[in-house]
Structure formats: structure tokens, C-alpha cells
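To start, I am sharing the structure in question, which I have written as C-alpha cells.
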Amino acid sequence: MSERGGSITREGERFPPAPHELDFLALDPPAAGTAQPIADGVLWLRIPLPMELNHINVWLLEHGDGWWLVDTGMAEDVCRDAWLQLEEQALGGRRLTRIFVTHDHPDHMGLAPWLAARHGAGVWMSEYAHRSAGEFLDTDPGVLADRIRGFLHSHGVEVPPGVPPARGDHREWYGGLPPLAASPIDGDTIEAGGGRWQVVETGGHCRGHLCLHDASRRLLISGDQVLPSISPNVSVLSSAPEADPLREFLASLQRLGDCHPDTLVLPSHGRPFRGLHRRVADLTAHHQQQLAALRAFCTEPRTAFDVLPTLFRRVPRGFHRLLAVGEAVAHLNYLRGRGQVVRSVDPAGVVRFVAD
């Protein structure tokens, strides 16, 4: 019963409005087994995913006689089959020399151990992300389920005994924990793909999330931090119920907004686009609107489950309900951190928030 199974809360009605149109790159997504050039030394690949969010974009950066790969796809046969086709048709007989993982969700790192073993490539990812993935994979599923059940109970969701608190463990989407060859940190530079890329650590969607920014060519590999048409999930997890990920997310958006207005954004899902400042403004405005609506609704003590209809036109079910509750708590914790709501806990351990 995982909180890490996907990058996006899928319910269509929760996608933020996009009043600003973006300038999408006038290229079709690469077909299976092929690569689409984006810039000198930078290729766009697309890996299918066995889920509603049905693809991930990954990026090849030329590096000597081989390639750097940014992100991998899940440890699923459909992803492995895609890579076998790519190795035959797109890599030009050159091996992967390094694998750079933007963050520790399974669509981004699931195939890292398999690809690293096939190509003899070292895996680079943040130390925090590597440690976090290891702790998740080492946690007994029953212990994790009990923790999630307790988290849901504390926020107003009762799961009947014997019923899993969220469908799907999703451990199968990870191919294990790869050995760590290097741990890039914020501000490091990487020379590959015909340019110099600065590592930019961002937060909110996932701690230890790393973007790559080539300022001279105005390119940004954004991972899940900035996507063109959907918002990354920003949730409080059962492992850190007091966290304030929305504060980290909004601060990271502001930081990425310092990139040049004409930056070409290479996202993990969707199509490459220009209009980073417009997208940052839309995402920021969306969360500010959600915060205002929550504060107006909490005229009396409310649980996170109580506020879901304020954030979503339809309350999600199953695993997506867990993500939705996590998002609600993220917004409520943000308001609490700014003294705009007060938190109380009743004798049964149920948490409520009321506007101050």
C-alpha cells in the first residue's frame, strides 16, 4: 500500500486551469524505438507506462562515445520491451555510460538497476532520493499499510478492517535499489549533451528532486516539477505528517521562474514547451486559489477528508483518494504554518483544522 506509486493525482477535475497558452515544440512525440532530436546532443525518447498516465519522456545526452540517460521508465515488461527496441534502433550502437535519475518515483527510476547492469552505467541521483527509495523498499508492506491506515484515520477516512487502505503496493514497479555512483547536489554542473547543465534541486513534489538547466542554450529538463498540462502531486505522506511540501513547491516554482522566459522546458510527461513563466504563474495561482477556498471553508473544524469537495469536484477513490487526502493535508499544513488555521486533535486521534 504505497504512497509512491505515481507522480500525478489523475482525477481530471483537479488539474489546474491553464489560462495562459503555452508554445509547444512543433514536433510529434517520438515513435516507439525512435529518438527525436531536440538540440545538438540532446534526444527525446518516450517510454510507454502501464497506467493512465501512459508515458514518460526520457532524455539522451551525448557523452563521449556513449550517452547519458535522464530517467528510465518502470520495471515493467512494456518498458523493458521499449528499451530493447531503442537499443536496437536509437542508440546507434553506443552504450549508456551514466543514468541520471531526477527523483525516486518508479516511472523515473524503476529500470535503473536493469539498464545499469546491461550497459555498465553508473547511476546518479540525489542522496536523499536514493536513501528514501531504499527505506521504502525495505519497509514491510504490512507495516506500511498500518501506517497509511493510521494516517487516513487521523484525517477523517475510516478504512474497514481487512480492507487495504490503498490499492496496490507498486513495489513491482521498482527493479530494486541501484548502487549509487554519484550524488549530485544543487549547483553542480554536468558537461554532456553538447552543453553545461546546472543541477537545480527542487521540492514539494518529491524531496531530492533534481532538474537540469543549460542556461546558455535555454534548456530545462524539469522532471515532474513543471509539467505543461497537469500539476504534480504535492502531498503530505504518512511518513512525515507534519511536513509542509507546498511551501517547498511554491518556493521551487519561484526559483525556476528565474530561468530565461524563452527557456525550452523538457518535461517528464507531455510535450516540450516554451512559456515557463506563464506555467509557473498558472501553477502558483492555482494553489493560491485552493488555499483561499480552504480557509473560507474552514469556518468550523474540518478534517482533510471534509475539505476534499472544496478541492475536487468529485472525491477520488482508492489510491487516488490517498493522494487527494495527502494534497489536502499539504494545503492545510501550509495554512497552519502561516497562522491562518489552527489544528486540533480529538481523543480518537482525528485531526481538524479551523480558520484563525
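Rule-based calculations on the coordinates, nothing more; no lab input. Keep in mind it's a predicted model, so treat the numbers as computed, not measured. Don't worry about glycine lacking a Cβ; one is built from the backbone with ideal geometry, like all the others, and counts go over all protein chains shown.
Take the chain, connect every pair of alpha-carbon atoms lying under 10 Å apart with a spring to form a Gaussian network, then pick out the residue of VAL200, VAL315, VAL234 with the largest mean-square fluctuation.
Its mean-square fluctuation being the largest, the pick is VAL315.
Considering the chain as a Gaussian network with a 10 Å cut-off on Cα pairs, which listed residue, LEU144, LEU283, LEU237, attains the greatest mean-square fluctuation?
LEU144
Could I ask something else about it? Please report the antiparallel percentage of the DSSP beta bridges confined to the chain, to the nearest 5.
Beta bridges within the chain, antiparallel portion: roughly 75 percent.
What is the helix-to-structure angle for 276-297, meaning the angle in degrees between its Cα long axis and the longest Cα principal axis of the chain, kept from 0 to 90 and rounded to the nearest 10?
10 degrees
Give a residue-ordered list of calculated ³J(HN,Hα) values for the range 72-77 (Karplus: 6.51 cos²θ - 1.76 cosθ + 1.60, θ = phi - 60°; whole Hz; x for Gly, Pro).
9, x, 7, 7, 10, 4
Along the charge dipole of the range 12-355, which of TRP44, GLY223, GLY337 sits closest to the positive end, that is, farthest toward it, with unit charges on the beta carbon of Lys, Arg, Asp and Glu (+1, +1, -1, -1)?
GLY337
For the range 207-215, take each phi angle, set θ = phi - 60°, evaluate the Karplus expression 6.51 cos²θ - 1.76 cosθ + 1.60, and give the result in whole Hz per residue in order, putting x for glycine and proline.
5, x, 6, 10, 9, 10, 10, 9, 5
In whole Hz, with x marking every Gly and Pro, tabulate ³J(HN,Hα) for the range 245-258 from phi via Karplus 6.51 cos²θ - 1.76 cosθ + 1.60, θ = phi - 60°.
x, 5, 4, 5, 5, 5, 5, 5, 4, 4, 5, 5, x, 6
Rank these for me by crowding, ILE230, ILE148, going from fewest to most other beta carbons within 10 Å.
So the ranking, lowest neighbour count to highest, is ILE230, ILE148.
Still on this structure: Ranking VAL354, VAL345, VAL280 by Cβ neighbours within 10 Å, fewest first, what do you get?
VAL345, VAL354, VAL280
So, one more: Dipole of the range 12-355, Cα-centred, from +1 at each Lys and Arg C-beta and -1 at each Asp and Glu C-beta, to the nearest 20 debye?
840 debye
Considering only HIS320, HIS55, LEU86, whose Cα is most displaced toward the positive end of the charge dipole of the chain, charges sitting on Cβ of Lys, Arg (+1) and Asp, Glu (-1)?
Farthest along the dipole direction, towards plus: HIS320.
Figure the gain on full extension for ASP146 and ASP262 (residue separation times 0.36 nm, minus the Cα-Cα span) and round it to one decimal in nm.
Full-extension gain reported as 37.0 nm.
Another question about this same structure. Ignoring GluC sites (Glu not before Pro) that are buried or in helix or strand per DSSP, and keeping those with at most 12 other beta carbon atoms within 10 Å, what is the longest stretch of the chain between them?
243-356
Is the range 144-226 best put as rounded, prolate or oblate by its Cα gyration tensor, with a ≥ b ≥ c the root eigenvalues, rounded for a/c under 1.5, and otherwise prolate when a/b is larger than b/c, oblate when not?
It is prolate, given that a/c is not under 1.5 and a/b is the larger ratio.
For the chain, what is the mean residue ellipticity at 222 nm derived from helices alone (per DSSP H run of n ≥ 4: -39500 (n - 2.57); sum divided by total residues; nearest 500 deg cm²/dmol)?
-10000 deg cm²/dmol
By how many nm would the segment from ASP28 to GLN85 lengthen if fully extended, with 0.36 nm per residue of separation less the alpha-carbon distance?
Computed gain between ASP28 and GLN85 is 18.6 nm.
For the chain, set up a GNM with springs between Cα atoms under 10 Å and report which of ALA35, ALA304, ALA26 has the largest fluctuation.
Between ALA35, ALA304, ALA26, it is ALA26 that shows the largest mean-square fluctuation.
Among ILE185, ILE221, ILE38, ILE99, rank each residue by its count of other Cβ atoms within 10 Å, from fewest to most, as a rough exposure measure.
The fewest-first ordering by Cβ neighbours comes to ILE185, ILE38, ILE99, ILE221.
By how many degrees, between 0 and 90 and to the nearest 10, does the Cα long axis of helix 318-337 differ from the longest principal axis of the chain?
70 degrees
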